[in-house]
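The values are calculated or read from the model by the stated rules, or taken from the named source; none is laboratory data. Fair warning: this is a prediction, and the values are worked out from it, not measured in the lab. Glycine also receives a Cβ, built like all others from the backbone with ideal geometry; neighbour counts cover every protein chain displayed.
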Amino acid sequence: MPNGESQLLRTKSIDKLIADSEDPQSRLKKTLGPWSLTALGIGAIIGSGIFVLTGTAAAGEYYKAPSILNAQVMDLLVNLLRYHSTAHVLEHGRPAAGPAIALSFILVALACSFAGLCYAELASMIPIAGSAYTYSYATLGEIFAWIIGWDLILEYAVSNIAVAVGFGGYFKDALQNFHINLPDRWSIPVIADGHLTGAWFNVPAFLVVFVLTVLLIQGIRESAETNNVMVGIKIAAILTFIVAGGMLVNPANWHPFAPNGFAGVVTGGAIIFFTYIGFDSVSTAAEESTNPQRDLPFGIIASLVVCTVLYVGVAIVLLGMMKYTTFMSGTPAGDAPVGYALRHLHANHVLQAIIIIGAIMGMLSSLLVFQYGQTRIWFAMSRDGLLPKLFSKVHPRFKTPHWSTWIAGAAVGIPAGIIDIGTAADLSNIGTLFAFVLVSLGVILLRRRQPERPRGFRVPLVPWFPLISIAFCVVLMTGLTVLTWIRFVGWLAIGLVIYFSYSRKRSEFYQPRKAAALSK
């Protein structure tokens, strides 16, 4: 096999990965226990999505300008197979799930559960920072590791820009309740929907990222303790909404339950999948876990169970409070469905304030955990030589990758002050689903190649459970639009250019480098 090809498919020894993590120059501090890891997962999973995307997915999405780019890949494939044309393809949006969005949450929870089991096994075997990137390096080869690492950079960065912008909007609205009005020129995106807004910079969106960046540099224990408090507040807010909103439910609003049948449920799942992104962040904390073999699987699975119960409860109550058609995308009800329903039904002002605080805490904790996860991905890729060594330098006092943290803060905070990314959810969804597919495949490969290696957790019924995980993920990916797929492929193409022009030559597997070392 030619040298270039052999390098692309070279896997990194698990023992070597673990040995590299013990290097004093790049070793991270171990402080996280099972409940901190669970809170980390909940902190990442429950963000602004539950307060926004539930209504959007229930009512469907509609675009002013019909285009084949707005069509779902599933709809496109079905029409090509059935009619041998695209004449019947829905080009102006995605069908409504209606109250059956509760089933969408369960469908996505099942997909995430099977993927979560796969993450749990690999995390217990390879307790190293880097998550799916590291697992792919150990199972599939360097080129797949680079692709998934580059993919995760997109997932974390784009979703955090969107959450930071959302936080800025909620924060601005919250201040108005105290009769404090921030000027639009300093509190909204400079560019929205491709047009200049007249604003100069979105200061709240930038500042929240800056503050969390400083907190993350101080240390993971301090960050985790802050996250625990925020997670407690937002869970309390969600439970308050379920109880109080349940008293305002009109059962007639649950009919029709599934206006577009299973297609609507799948489409709803593809949209609200964004709300589940984050449990994989638990695995990025592997090197800072005190007992990763036991605690990582617990944190991943427990966070998924808790969030699924809360999500289904919110969906059932919200769609019982108001008809699903109320929450059309692009309307005030669609932009903030929970808050709109409470105001429209004249709920107690204290209750509304609690929900706003819960939404803000949800966004803060989600930002914190995703910024944390992003820096650990960069840290792992840098330690392997695929990114500049600056990204894996550890602060001598705080034992955190401080340069990665500062750079990640700038990469998210500055764009958040300028742009509003309306398609962030779909871009993050497709990237995460792709990562889940590779992780599930990695479990199957390692069971065959290294069956004797100790596993702190074992996925049952291999290869069937990982194959079910892959099938679920592929189905949900087909619920995304053609435009999302094009953007995703374009991002991967840029990543491959960087890999072949820079990263490949700095890898420890690069053949000319090894030959030069031997000649000396």
Query raised in the report: Do we have any residue at all in the stretch 466-480 that's crowded, with 20+ Cβ neighbours inside 10 Å, hydrophobic (A, V, I, L, M, F, W, C) and closer than 23 Å to T11 by Cβ?
Result: yes
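Yes or no, residue by residue, for (1) of a type in the set (S, T, Y); (2) touching a helix residue (DSSP H, G or I) at 6+ places or on another chain (Cβ under 9 Å); (3) within 24 Å of I277 (Cα to Cα):
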site	(1), (2), (3)
S67	yes, yes, no
Q72	no, yes, yes
N79	no, no, no
H84	no, no, no
H88	no, yes, no
A100	no, yes, yes
A111	no, yes, yes
Query - Conditions (1) surrounded by fewer than 14 Cβ atoms within 10 Å (Cβ to Cβ); (2) farther than 30 Å from P34 by Cβ; number of the one not met by V214 - result: (2)
**Report entry** Matching helices (runs of 4 or more DSSP H) fully within the stretch 251-337 where at least 1 residues are in contact with a Cys (Cβ under 7 Å, 6 or more places away or on another chain)
**Finding:** 292-321
Report task. Tell me, yes or no, whether the stretch 463-475 has at least one residue that is at pLDDT below 90 and more than 19 Å from the chain's Cα centre (by Cα). Result -> no
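Do we find that I418 is touching a helix residue (DSSP H, G or I) at 6+ places or on another chain (Cβ under 8 Å) and not polar (S, T, N, Q) in this structure?
No, not satisfied.
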Query raised in the report: Can you tell which of V108, V78, V73 is among the β-branched types (V, I, T), touching a residue at least 12 places away in the same chain (Cβ under 8 Å) and more than 30 Å from A286 (Cβ to Cβ)?
Result: V73
Requested in this report: Mind checking which helices (runs of 4 or more DSSP H) fall wholly inside the stretch 6-91 and carry at least 3 residues that are at pLDDT 80 or above, under 22 Å from L103 (Cα atoms) and among the hydroxyl-bearing types (S, T, Y)?
Outcome: none
Query raised in the report: Scanning for something surrounded by 24 or more Cβ atoms within 10 Å (Cβ to Cβ) and among the β-branched types (V, I, T), does the stretch 321-338 turn up at least one residue?
Result: yes
**Report entry** Qualifying position, being under 23 Å from N160 (Cβ atoms) and not in a helix (DSSP H, G or I), among T400, T432, T405, T484
**Finding:** T400
Query raised in the report: Can you find even one residue in the stretch 437-453 that is within 25 Å of V231 (Cβ to Cβ), of a type in the set (V, I, T) and touching a residue at least 40 places away in the same chain (Cβ under 8 Å)?
Result: yes
